[in-house]
Structures are given as C-alpha cells and as structure tokens.
C-alpha cells in the first residue's frame, strides 16, 4: 500500500556527531583502563609495565569526552543543573556522578602509580623536577614502607576503577537502550555491546599509543614490549570475537522483533550497507579478527598497527551508526531523516581531538614513564623527540 | 478524583484547514521552522482506489512520559492535572527528551535555546479558556477537557466512540485520543519507508 505524505513538518536529528564521539571517547577510556588494570589489579605481572601508559590515556580521554556533551548543550551555561539534580529514572543523570567518580579515582590511582618515579625524578632539576615537586604535594617518602603503601593503594583504587570503568561506559548503553521509541536502541544488549566494543577500540588505540610512547620515550620497541603487544593483540582478537557475537545476537533478535525492529534491521543491512556491513562489521571487525588469527601476524608490528587502526575506525562507525542511524528512522511522517553535520559540530570535534592529543603528548613527555629495568633515554631531550 | 486533562480529535470532523497549527504558532509565539502542533496529511492507495487522511499531532501529555523520565535535570515535570510542562529556566538543552519522545512532539526553540512543546496552552486553561487550537477549530474536531469528569465532552466522546491513540505499545500511555484516525497515519510505515515501497 502506497502512503504519501503531502503535508508534514520537518523534524531534525538533534543528537549528532558530538554525542557519537562522546560514547566513543568514554569507551576507549574504559577499554584502555580495564586492559592495563590487568597488571595492578589482577596481578598479571607483564601488564604492570604498561599500567602508566594506559591510565594516562584513560584519564585524558575521559576528561575530553564530556566536553563534547558540554558543547552540544543548547544551554551550556546551565550544565551545573546536572550536579544539583538527581533524576533516578534518567540514565543521563546516573552518568553525571560516574563521570566525576571515575576520573577522580583514576587520578588518585595514577598518583600512587607515578609517585616513586616522580620522587626519583626530583634530582634531575629543571621544569620536570618542579612539576613533580608540585604534583607530589610534599609526599616524598621512598622508604620501603611508603612504597608498599603505594602498591596497596594502587590495588585499592585500581579495584574501584574497574567497576567504575564498566559503569561509566555501561551507563551510556542505557542512555540509548532505555529509549523505547527507537527500535535500534531499545535492547537490553546495548550496555554490553557498548562495553565490548569499548574493549575493542580501547585495546586498538592503546596498542598504537603504547608504541608511540615506547618509541619516543625509550627510543625503540624492545622485544619485551613487542611480545606484550602480541599478547594484547591476541586479547583484542577475543574482544572482537565477543563483540561480533553480541552484534550477531543483537541483529538476529532485531530481525525477528516487531515491525519497527525488522525495519531497523533492514535499514542497517540495506540503506546503511556500506557503513554498517562494510565499515563497522567488515573492515572494523572481520578484517582485524582474521588478521589477528595468525600468530605470525600478531608478532608483526605493522600488521598489528593495521588491525588496531581498523578496529578504531570500525568502532567509530559503530557509534555513529547507532547514535545517528537510530534517529534516521522517522517517528512520524514517511521520510528517512537526513543528518548533516554542522560546521560548528565538526569544529568542536576536531578541536577537542587536537587538544586531547596535545594534552596526551604533554603528559607522556613530562611524566616519568620508567618501568622496571628500562630507563628513559637521557641523551635527547624528550620534548624535542615528541615534537619531531 | 483530580482533574486529568486530555484531548479528543474527531477526524470525522477535521477538514484539514491547519487553523489549529496557525493559532498555536500565534498564541505561543512559536518561531519559524518548528511546531508545537501540526497536521499531517497523507494519501494512500493507487488510483482509483485512494483515500486521504489527516492527523493533527501535538504533545500527548502522556501518563508515563518518556521525556519526563529521561530528563537529567527534572526540567520536564507533570502537573496534577496531567499537563506535562518544561521549566525553561532549568532546561540545559541536552535533547535527550527529544530523542526519547516517540511522537516528535519536542524541539529546541531556536530563540530560547531550550526544549519546548505543547503546553495545552496552560495559561489559557488556567484562566478558564480553551487551548488556542481547540478554540480556533472551525468544525469542533478538537475537544479538550477533564477526562475524570464524566459529564465533560472529552469523557463522553472517549466513552461512546471507538478511539485510538498513537503508539500505545510504548507504555507512554498517551492522552490524545483520536476518533476514526487511520492506522497508516498514526505511525510511520517503517517497512515501506526503508524498502522504498517495494515490499
């Protein structure tokens, strides 16, 4: 039966790229933190050496994530209302508190992680020493007792951090999952899918950041780190597998749900073929999964980098397909809604991405990234190395 | 029992003049490009077997409004009489309510920069008047009143007619009742939209 609307009003897609990017950033923050907590919290020795890289990445990504939301508000000056009100029925209201608790916990955790090396760095003099001196707040005790206390506190705050990381990204799944008006979003799987894809993209970005940090701080990737990266790539393979299985379950149930659900599935499969099947699930999941199946490929750094980049792109496509794609199906009328990113949104996204990279670079270059047995190279000033 | 305001839209009477849409714009100073109420018009079938349908839409002032549930700052609130309102001084403009409303009833007012929607012309109703759309309707297709008062016209219409609401499955429990509305108008035919009408 043909239905033609010859009069209707135009509606807009209000949640655009900044919202998708917010989900993307918090996801990668949670993913990289959970991955690197394997050492300090779960006691897997080999991951201890990358805990510092992971936690800095988690903190910076999480600091920049909510800025996307702030810039997206129609009344950004009123964001304080979020802190003065609690609405238990709103997933967004839950998130406000998680978005404070999680980074605060991570900052305390990382302080204990860096303390010993910052005290050791005081002797070097210059900007770094005064910066460490400021960050240490006078706690310069490096007796065995104090160091044991550091370890205990790392474990304590790391242990808080893991559930907080799960919650801070899980709740974003509820933001979409709780909306019954839109079939694409309204599924109990949404928080779990968000978490698994966060693990995938968090791991992917972490591998790349780890390589860059190692390269610039220590001059080269030693075999130790290469072996660890292969291990992480192996984990990434499993994360992709679980994420892929969840996506398949999600899609099958969507296909067999009510008409809106079936239409949503059809929409993803046909109208959004290139971004859903091609980019999100093909290039972003299937290709890196196949690449990482081979042990040889996992030991080849260029292939691991390629797979990591593909997962990062794939999960970005997934966030966009879900957030924006979910709003493309109309609630009234008879036209698929079009989304056009505004110049302002694109400026905000690019500006925040550049700012996040600058802050990350700054922190990685000034903070002591020493790990047991490996010292930062001293001959070339680190800041210069990064600038190249 | 307190009041429960509701609207009945009798499509046997609606002629599609859009006067309600205009009256609302004028009464509430609604900026260009956005609408608190609007009338969808559609045609179904293939010549010679065709029919035309109209569907005036507005906020359903639901009993369990999604918009109210998702608002992180409680800017959306519900009065005792069922009217769902937005506190324009609290709203931060996060647009969650717009994403969550199944009826496209909400929008961002481009001048005030907050979420906005139909208020049942709350200030008019308070003063004992009818909402502007009801007041202006030339055929009396829009009827507004207290559903809990059995002698009110809305209560009588709801009790004595076959009525439908838009998307009852969402548990919003909408309070805009339609008489003789076409199912094809009440919800978008998503399957037809995504397949381009092939299936």
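The values are calculated or read from the model by the stated rules, or taken from the named source; none is laboratory data. The shown structure was predicted, so the numbers you read here are calculated from the model rather than taken from an experiment. Don't worry about glycine lacking a Cβ; one is built from the backbone with ideal geometry, like all the others, and counts go over all protein chains shown.
Here are some notes:
- Matching entry among A:259, A:272 (being surrounded by 15 or more Cβ atoms within 10 Å (Cβ to Cβ) and modelled with pLDDT under 95): A:272
- The residues of segment A:211-248 that are over 26 Å from residue A:33 (Cβ atoms) and modelled with pLDDT of 95 or more amount to a single one, A:248.
- Just one of (1) surrounded by fewer than 23 Cβ atoms within 10 Å (Cβ to Cβ); (2) more than 9 Å from chain A (Cβ to nearest Cβ); (3) in contact (Cβ under 8 Å) with a residue 40 or more places away in the chain fails for residue B:65. It is (1).
- Index of the failed condition, residue B:40 passing every other in (1) free of Cβ contacts under 8 Å to residues at least 60 places away in the same chain; (2) at the interface with chain A (Cβ under 9 Å from one of its Cβ atoms); (3) not in a loop (DSSP other than H, G, I, E, B): (1)
- Checking each residue in segment B:8-40 for being in contact with a strand residue (DSSP E or B) (Cβ under 8 Å, 6 or more places away or on another chain), crowded, with 17+ Cβ neighbours inside 10 Å and closer than 17 Å to residue B:139 by Cβ picks out B:8, B:9, B:10, B:11, B:14, B:20, B:21, B:37, B:39.
- Residues of segment B:183-199 satisfying the condition of being at pLDDT below 90, under 19 Å from residue B:16 (Cβ atoms) and surrounded by fewer than 22 Cβ atoms within 10 Å (Cβ to Cβ): B:183, B:184
- Selection of segment A:270-302 for residues being under 14 Å from residue A:318 (Cβ atoms) and within 14 Å of chain B (Cβ to nearest Cβ) yields A:272, A:276.
- Residue B:128 more than 19 Å from residue B:72 (Cα to Cα), surrounded by fewer than 18 Cβ atoms within 10 Å (Cβ to Cβ) and touching a residue at least 24 places away in the same chain (Cβ under 8 Å): no
- Matching residues, segment B:43-56, being assigned to a loop (DSSP other than H, G, I, E, B) and within 11 Å of another protein chain (Cβ to nearest Cβ): B:47
- Criterion violated by residue A:198 - all others in (1) over 19 Å from residue A:56 (Cβ atoms); (2) more than 14 Å from chain B (Cβ to nearest Cβ); (3) in contact (Cβ under 8 Å) with a residue 60 or more places away in the chain satisfied: (1)
- Qualifying positions in segment B:158-174 - over 15 Å from residue B:11 (Cα atoms) and within 14 Å of another protein chain (Cβ to nearest Cβ): B:167, B:168, B:169, B:170, B:171, B:172, B:173, B:174
- Looking across segment A:63-82, the residues that are buried (at least 18 other Cβ atoms within 10 Å of the Cβ), within 8 Å of chain B (Cβ to nearest Cβ) and touching a helix residue (DSSP H, G or I) at 6+ places or on another chain (Cβ under 7 Å) come down to A:69, A:72, A:82.
- Where residue B:50 falls short, out of the listed (1) under 30 Å from residue A:69 (Cβ atoms); (2) at pLDDT below 95: (1)
- Within segment A:298-320, the set of residues being free of Cβ contacts under 8 Å to residues at least 60 places away in the same chain, surrounded by fewer than 20 Cβ atoms within 10 Å (Cβ to Cβ) and part of a helix (DSSP H, G or I) comprises A:302, A:303, A:306, A:313.
- Residue in segment A:13-26 that is in contact with a strand residue (DSSP E or B) (Cβ under 8 Å, 6 or more places away or on another chain) and within 14 Å of chain B (Cβ to nearest Cβ) present: yes
- Restricting attention to segment A:121-137, the residues being in a loop (DSSP other than H, G, I, E, B) and more than 33 Å from the chain's Cα centre (by Cα) number 1.
- Set side by side, the residues B:59, B:71 differ, and just one is touching a residue at least 24 places away in the same chain (Cβ under 8 Å), under 29 Å from residue B:190 (Cβ atoms), in contact with a helix residue (DSSP H, G or I) (Cβ under 9 Å, 6 or more places away or on another chain) and more than 12 Å from every other protein chain (Cβ to nearest Cβ), which is B:59.
- If the condition is being at negative phi and within 7 Å of another protein chain (Cβ to nearest Cβ), then segment B:74-106 contributes B:90, B:91, B:92, B:94, B:96, B:98, B:99, B:100, B:101, B:102, B:103.
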